[in-house]
Number of protein chains: 2
Amino acid sequence: MLGMAKQLLQLQAAATHRRNGAGRRQLLAPVLPRHAPAARAGRFAACFLACLLALAAGAVLTLCVTVHRPEPDAVSDASPRGSGYAVVINTWKRYGLLKKAVQHYSGCAGVDAVHVVWSEPREPPEALRRRVLNCTQAAVEVRFVMNRGDDSLNNRFRPIQGLRTDAIFSVDDDLIVPCSTLRFAFGVWQSAPSAMVGFVPRMHWPTDPRGNTKEYRYGSWWSVWRTGTYSMVLSKASFLHKRYLDLYTNHMLPSIRDYVTENRNCEDIAMSFLVANVTGAPPIWVQGRIFEIGSAGISSLKGHDLRRSRCLNAFVSMYGHMPLVATTVKAVDSRTSWFW
Amino acid sequence: MLGMAKQLLQLQAAATHRRNGAGRRQLLAPVLPRHAPAARAGRFAACFLACLLALAAGAVLTLCVTVHRPEPDAVSDASPRGSGYAVVINTWKRYGLLKKAVQHYSGCAGVDAVHVVWSEPREPPEALRRRVLNCTQAAVEVRFVMNRGDDSLNNRFRPIQGLRTDAIFSVDDDLIVPCSTLRFAFGVWQSAPSAMVGFVPRMHWPTDPRGNTKEYRYGSWWSVWRTGTYSMVLSKASFLHKRYLDLYTNHMLPSIRDYVTENRNCEDIAMSFLVANVTGAPPIWVQGRIFEIGSAGISSLKGHDLRRSRCLNAFVSMYGHMPLVATTVKAVDSRTSWFW
């Protein structure tokens, strides 16, 4: 970006130089009107051209550094160990979305299995089962994980029998992460298997940074955007190690799970607390576009941030301290960076 | 970048719109020459202004997103566990550089101790000891780690008695990494403590990607720059877990250590192989400027890449496979990113 600005400035300077040059030539050439039409048209064209050239140069540079960038796996015959990850989809009475999500994730390279966390009071209708199972794009196992008679949000973190991979990608049924983006994030997780690695960063802000009270407010996307700082990545689109499912369900304070069940909210904050408390380290935010295919979720409801802030403070009280760690690290794909 | 291009295009479009507007006004206003000087001057000014505005907008945006970005620790009272890291400086008969390096690193927040790996045949002169110990900026412990009678490059990875931190920052005596950059990279390492986390990425390229021979050539910085792909970060400026010192010295194939000693090269490639073999994952490249304060090292010598390629292939032969994993992940400070 600075390079482009520099190019623009250089081209501006060149245009200025040309203008000055034309000015000097006026002393030698027959006297012309100070703003001769032809010269002005030339200047305008030069300026316009300068802008276009800068844009073109940028575009060409992008092409140079992206077109010739092969996939890492194509240039290296070494494949990371622990081949693949399981996708765990949390769903609730949105059968159309569920089908789309299963169809999408089952077609992504690296996916070992797709597990649908089912918390509705009734079993999934046979028609739905068939639709979901028939929509898979590859020979990927798709399973319903049953939690009948229990619709707690804690279900999404119940240990899953028969998981063959250490990594799980936890995702909501209305979120589509492109396969290439997912693959990249999985690569990040492989280097940092104890961290939560995801696409939706959030922050805990002290309500009074200079005061002695340890109260916090929930920082939504805009506060992260403004400050570049975060301390959580939400489990609605993030990789995490399967051992955290066991820790969440069997070893975390029961009062936290109770709070989640009663308030029907904040299971993701609870998981962020758990991982931060175990590792003493922040999560990792991965740059990448993700797509919401459903209607707006609870995060768009009025009072959402207030409820989330209450969760933060309740959990801090239960832990006895604030385990979340703030960071400004963002994992980006260096093939898409212009300059480094 | 694309945002800036878009802004420029929008401003160009606005200028065009203004031009068209002026054209329409011609129908209403008294007939003027088709390229009236005033209109042309206006167009030129509009175009020039458009370029300047785009630059200014970018600059303002940068200020907005950087000036108001506090340090994460300033906004969160939670500090990561495992407070700090040890700096391990590899040195060889460059006393001036060593003093500068110790002076710099001992002043960085988070540094628990500075260990100088000493492999010269004689003990460090008393005058040097005094100079080095007196140059520290804070109450940071500085120690010489003695390897008398053994100048092998493997010394830089010998386990260090009394290390109080899990993390070590391995660095050459002629490299200065700014404290803020170091702090950021340490944060990355805290999220990925099994990975090597550093500033100098390199790649192993198959000599014949479509062939069956498993031969590799060493990819220097320019190949990483061109492709965005790497599989090693060199230990001349990288964080790694102290357990790798024990693995390197006491558990790695002795033939690899012998190779390093005999060829006086490639201890960093050997460490990259070791970590990749243990983790099955790639290292993490951290974006950041580092400064060489000495004369050019061996990497500038003729035939350097050829020697490094020989190391790669020798180690592959000893391991029986290529453990290095390619990646395109780059950790950047989101406070310095313009758009995300």
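The table below gives the values:
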quantity	calculated
Among the residues listed as A:Arg164, A:Arg202, the single one being away from every other protein chain (no Cβ under 11 Å), touching an Asp or Glu at 6+ places or on another chain (Cβ under 6 Å) and closer than 28 Å to B:Thr328 by Cα	A:Arg164
Condition met for A:Asp258 (within 12 Å of chain B (Cβ to nearest Cβ) and surrounded by fewer than 17 Cβ atoms within 10 Å (Cβ to Cβ))	no
Criterion: outside any loop (DSSP other than H, G, I, E, B), at pLDDT 90 or above and either open to solvent by 60 Å² or more (accessible area, probe 1.4 Å) or among the small types (Gly, Ala, Ser) (or both) - qualifying residue of B:Gln161, B:Gln103	B:Gln103
Residue within region A:142-155 that is over 30 Å from A:Thr261 (Cα atoms) and of a type outside the set (S, T, N, Q) present	no
Residue check for A:Val188: buried (at least 20 other Cβ atoms within 10 Å of the Cβ), away from chain B (no Cβ under 11 Å), aliphatic (A, V, I, L, M) and out of contact with any Leu (no Cβ under 9 Å at 6 or more places or on another chain)	no
Hits in region A:309-326 - residues which are in a helix (DSSP H, G or I) and open to solvent by 10 Å² or more (accessible area, probe 1.4 Å)	A:Ser309, A:Arg310, A:Asn313, A:Ala314, A:Val316, A:Ser317, A:Met318, A:Tyr319
Residue within region A:55-63 that is outside any helix (DSSP H, G or I), exposed (fewer than 15 other Cβ atoms within 10 Å of the Cβ) and either at pLDDT 85 or above or not aromatic (Phe, Trp, Tyr) (or both) present	no
Qualifying positions in region A:199-228 - out of contact with any strand residue (DSSP E or B) (no Cβ under 6 Å at 6 or more places or on another chain) and under 29 Å from A:Ser180 (Cα atoms)	A:Ser220, A:Trp221, A:Trp222, A:Trp225, A:Arg226, A:Thr227, A:Gly228
Selected residue (only one of B:Tyr230, B:Tyr244 is hydroxyl-bearing (Ser, Thr, Tyr) and either within 14 Å of chain A (Cβ to nearest Cβ) or without any contact (Cβ under 8 Å) to a residue 12 or more places away in the chain (or both))	B:Tyr230
Helices (runs of 4 or more DSSP H) completely within region A:173-269 that count 2 or more residues being touching a Pro at 6+ places or on another chain (Cβ under 9 Å)	A:179-191, A:221-227, A:243-246
Qualifying positions in region A:191-212 - more than 23 Å from A:Ile293 (Cα to Cα), open to solvent by 30 Å² or more (accessible area, probe 1.4 Å) and either in contact (Cβ under 8 Å) with a residue 24 or more places away in the chain or of a type outside the set (Lys, Arg) (or both)	A:Pro193, A:Thr207, A:Asp208, A:Pro209, A:Asn212
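Condition check ((1) assigned to a loop (DSSP other than H, G, I, E, B); (2) at pLDDT 95 or above) across all residues:
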{"site": "B:Lys99", "(1), (2)": "no, no"}
{"site": "B:Ala109", "(1), (2)": "yes, no"}
{"site": "B:Pro121", "(1), (2)": "yes, no"}
{"site": "B:Pro124", "(1), (2)": "yes, no"}
{"site": "B:Arg129", "(1), (2)": "no, no"}
{"site": "B:Phe144", "(1), (2)": "no, no"}
{"site": "B:Asn154", "(1), (2)": "no, yes"}
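The values are calculated or read from the model by the stated rules, or taken from the named source; none is laboratory data. This is a predicted model, so every value here is computed, not measured. Don't worry about glycine lacking a Cβ; one is built from the backbone with ideal geometry, like all the others, and counts go over all protein chains shown. Each accessible area value is taken on the protein alone, full model and side chains, heavy atoms only, with ligands, DNA and RNA left out. Shrake-Rupley method; radii C 1.70, N 1.55, O 1.52, S 1.80 Å.
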